[in-house]
Amino acid sequence: MPVLLQQLINGFFIGSVYGLFAIGYTLVFGVLDILNLAHAAIFTLGGLTALWLTTAGGLSMWIAFPLAGLFSGTLGLVLDQAAFAPLRRRAASNLSGLISSIAMAIIFESAALGIFGARTVRFPEGIIVNRVWRFESVTVTSLQVGIVLSALFLMLALTVFLKRTRMGKAIRAVAESEHTARLLGINVDGVIAVTFFISSSLGGVAGILYGLYFDALAPDMGRSIELKGLAVIILGGMGSIPGAILGGIAFGLSEVFTVALTGTSNLRDAVAFTVLLAILILKPSGLLGRGRVREA
Amino acid sequence: MTVEFLSQFLAVYGSLINFIGVNALLALSLYVTLSAGQLSLGNAAFAGIGGYASGILTMHLNVPYPISVLAGAFLPAVVALLIGVPVLRIRGVFLAMATLAFGEVVRIAAVNLGITGGAQGLVGIPNKTTTFIIYGTLAATTYFLKVLGGARIGWSFASIREDETAAKVMGINTTYYKTMAFVLGAFIAGMTGAIYAHLNFIITPGEFGFSAAVQLLIYNIVGGTRSVYGPVLGAFILTALPEVLRGAGVTAGPLRLGVNGVILLLVILYLPNGLSSFFGKKGKLHAQRDGE
């Protein structure tokens, strides 16, 4: 039982990082109906930038963390301008957006490889004070708590931003109908740029937290989370932010429980992708989706 | 003199020439599915199923090469038929993700099963594929798809791609034709996987994963999907490009990868019909549409 409780906690921690990553995905999808496959590359670059700022720049994590987040957001603006804005002007199909985002993912990944090299790197030791708390047989570290708190704070902040502010309202309007929003005098391109900025900075922050949690960063670390992120947003329903959070945590839990039940990590991803395939076939709108089956 | 040059050329570039042929065949397998408007990211996995199946048949059961390749083509086709019926109800980006998930399940299965050799891969497949076989298959497949494109089936595929609802209204059995395109793509992919397995001595699960699936899509987009020659052209250019770049002095891996990305971006932004739109007249469908 204590082992199970420990697994539950571990799954919750990693699941919150998945959720944070998936929110960026789902935000762009909700607003633009485009699957942005460059999100994972920005996740990687966010983590690596924070690492660079702390090692080469000698900054403390408290400064490097927001700086790397802002830098990731800026990359999001670049991404929008390079890959999506030209297609919007042409009213191309959503699949073109999918492909141009793949192109940007390749470009970002090659930049990460060129700048940071192919090896796996670590944050310098002692960059964060990691305290270990033991309750009975369950262990929790301050790093884990920090990760969950940052992830939850960012998710909450985003929800409030979308619900309560003028810009948030504009984003929701564009998500509902780009055309109508334009007629109502909303600066659609500006709103989309803001969406990409937020989405990408959340992705970058998820990259930092992921790198801290696993104590490893590599130019290809986005690969595995890219597919997991997709699974999460489908599980939670495309475009739904609470769905992404719950989906992320559910996914994290399913991972650790598969490992705990089978005794090996071999089938960890298989369960998740089987569930994903089943949900797509049985209930394509996801668990918290908006109830309509979208078409490309 | 010429013979000497040719044999030297083949000695240096033989494996590159083989890989171009294999990639072109894989690109064509996705082309079939795309020509019916369905974006599948599962074709790499179908190639994997075919490769593993035929490799295992040859190694463990001593099945003759042609039969082993045929089995490698039919098995993924049957799998495609089974999953196609439920999966093809989903459209667009969602279909891409469902096939992606299927591909991951296949890859993970290959890593975990005993008979596939796990993560190290299936090692020791006898080398039976020749350049002649690859290009013979490529020529036959291209010809077959060319004929298919002009036949009733090809027109049905095209009408589904242009507007599925309209096609249905016109009395086209869309489920039937979509499944057919999916199964045919899986057949070609599996056949190519089987041919590839007997070319390379070893196949590993990683070769048939997400990146491979995306690579097939890139060949099609860069080459263009309006004619059957587009994917072949795309596979040729992008497979040969690293060698050309090496000749031009670009050896760094990241830069080469970056060039691929830039080419893909430029093509999708400025050449929606791919590089093949530089050659010859506009595609048949396109010309007709303009004439309307």
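The values are calculated or read from the model by the stated rules, or taken from the named source; none is laboratory data. Since the model is a prediction, treat every value here as computed from it, not as a measurement. Because the Cβ atoms are built from the backbone with ideal geometry, glycine has one as well, and the counts that use them run over all protein chains shown.
Cβ separations smaller than 8 Å between residues 6+ apart or across chains give the following pairs from region B:207-225 residues that are closer than 20 Å to B:N273 by Cβ to residues that are outside any helix (DSSP H, G or I) and among the polar types (S, T, N, Q): B:G224/B:N273; B:T225/B:N273. Set side by side, the residues A:I147, A:I107 differ, and just one is surrounded by 14 or more Cβ atoms within 10 Å (Cβ to Cβ), over 17 Å from A:L217 (Cβ atoms), among the β-branched types (V, I, T) and touching a helix residue (DSSP H, G or I) at 6+ places or on another chain (Cβ under 6 Å), which is A:I107.
Take the conditions surrounded by 22 or more Cβ atoms within 10 Å (Cβ to Cβ) and among the β-branched types (V, I, T) and apply them to A:I42. Does it pass? Yes, satisfied.
All conditions but one from (1) out of contact with any Ser or Thr (no Cβ under 6 Å at 6 or more places or on another chain); (2) of a type outside the set (V, I, T); (3) buried (at least 19 other Cβ atoms within 10 Å of the Cβ); (4) under 26 Å from A:P66 (Cβ atoms) apply to A:G190; the one that does not is (3).
Are any residues in region B:1-42 assigned to a helix (DSSP H, G or I) and among the polar types (S, T, N, Q), and if so, which ones? Those that are assigned to a helix (DSSP H, G or I) and among the polar types (S, T, N, Q): B:T2, B:S7, B:Q8, B:S15, B:N18, B:N23, B:S29, B:T33, B:S35. Within the set A:L246, A:L202, A:L227, the sole residue that is within 14 Å of chain B (Cβ to nearest Cβ) and not small (G, A, S) turns out to be A:L227. Where residues in region B:75-114 are among the charged types (D, E, K, R) and within 7 Å of chain A (Cβ to nearest Cβ), which of them is surrounded by the most Cβ atoms within 10 Å (Cβ to Cβ)? Residue satisfying both the conditions and the ranking: B:E104.
If you check A:V160, A:V205, A:V174 for being at pLDDT 85 or above and over 19 Å from the mean Cα position of the chain (by Cα), only one passes: A:V174. If you check A:V232, A:V259, A:V194 for being of a type outside the set (S, T, N, Q), in contact with a Lys or Arg (Cβ under 6 Å, 6 or more places away or on another chain) and either more than 10 Å from every other protein chain (Cβ to nearest Cβ) or part of a helix (DSSP H, G or I) (or both), only one passes: A:V259. Taking the residues in region B:257-280 that are more than 8 Å from chain A (Cβ to nearest Cβ), of a type outside the set (A, V, I, L, M, F, W, C) and in a helix (DSSP H, G or I) as candidates, determine which candidate is surrounded by the most Cβ atoms within 10 Å (Cβ to Cβ). Restricting to residues being more than 8 Å from chain A (Cβ to nearest Cβ), of a type outside the set (A, V, I, L, M, F, W, C) and in a helix (DSSP H, G or I), the top hit is B:S276. Taking first residues from region B:67-85 that are in contact (Cβ under 8 Å) with a residue 12 or more places away in the chain and partners that are surrounded by fewer than 17 Cβ atoms within 10 Å (Cβ to Cβ) and part of a helix (DSSP H, G or I), the Cβ contacts under 8 Å between residues at least 6 apart in sequence or on separate chains come to B:V85/B:T175. Starting from residues that are assigned to a loop (DSSP other than H, G, I, E, B) and without any contact (Cβ under 8 Å) to a residue 60 or more places away in the chain, keep the ones in region B:118-165 and report whichever is farthest from the chain's Cα centre (by Cα). Result: B:D163.
Scanning region B:241-254 for residues that are assigned to a helix (DSSP H, G or I) and either facing chain A (nearest Cβ under 10 Å) or in contact with a Phe, Trp or Tyr (Cβ under 9 Å, 6 or more places away or on another chain) (or both) gives B:E243, B:G253, B:P254. The residue of region B:115-135 that is nearest to the other protein chains (Cβ to nearest Cβ), among those that are surrounded by 13 or more Cβ atoms within 10 Å (Cβ to Cβ) and on the phi > 0 side of the Ramachandran plot, is B:G118. Which of the residues belonging to region A:222-250 are hydrophobic (A, V, I, L, M, F, W, C), more than 15 Å from A:L280 (Cβ to Cβ) and buried (at least 24 other Cβ atoms within 10 Å of the Cβ)? Of everything in region A:222-250, those that are hydrophobic (A, V, I, L, M, F, W, C), more than 15 Å from A:L280 (Cβ to Cβ) and buried (at least 24 other Cβ atoms within 10 Å of the Cβ) turn out to be A:A244, A:I245.
In the condition set (1) aliphatic (A, V, I, L, M); (2) over 19 Å from A:E226 (Cβ atoms); (3) within 14 Å of chain B (Cβ to nearest Cβ), A:A83 is compliant with all but (2).
If you go through region A:200-228 and keep only what is assigned to a helix (DSSP H, G or I) and either under 14 Å from A:G30 (Cβ atoms) or among the acidic types (D, E) (or both), you end up with A:L202, A:E226. When region A:44-66 is limited to residues that are touching a Ser or Thr at 6+ places or on another chain (Cβ under 8 Å) and part of a helix (DSSP H, G or I), the one that is farthest from the other protein chains (Cβ to nearest Cβ) turns out to be A:M61.
Of A:G97, A:G168, A:G69, A:G114, all but one fail to be under 30 Å from B:L269 (Cβ atoms), without any contact (Cβ under 8 Å) to a residue 24 or more places away in the chain, buried (at least 16 other Cβ atoms within 10 Å of the Cβ) and among the small types (G, A, S); the exception is A:G114.
Here A:I99 passes the criteria (1) of a type outside the set (F, W, Y); (2) more than 18 Å from A:G46 (Cβ to Cβ); (3) assigned to a helix (DSSP H, G or I); (4) more than 7 Å from chain B (Cβ to nearest Cβ) except the one numbered (4). Among residues of region A:246-260 that are touching a residue at least 24 places away in the same chain (Cβ under 8 Å), those with a beta-carbon under 6 Å from a residue that is among the hydroxyl-bearing types (S, T, Y) and in a helix (DSSP H, G or I) at least six positions away or on a different chain give the pairs A:G248/A:Y18; A:F251/A:Y18; A:G252/A:Y18. The single condition from (1) in a helix (DSSP H, G or I); (2) closer than 24 Å to A:V205 by Cβ; (3) not charged (D, E, K, R) that A:V140 fails is (1). One residue stands out among those in region B:199-217 that are closer than 24 Å to B:T131 by Cβ and crowded, with 24+ Cβ neighbours inside 10 Å: the one that is farthest from the other protein chains (Cβ to nearest Cβ), which is B:I203.
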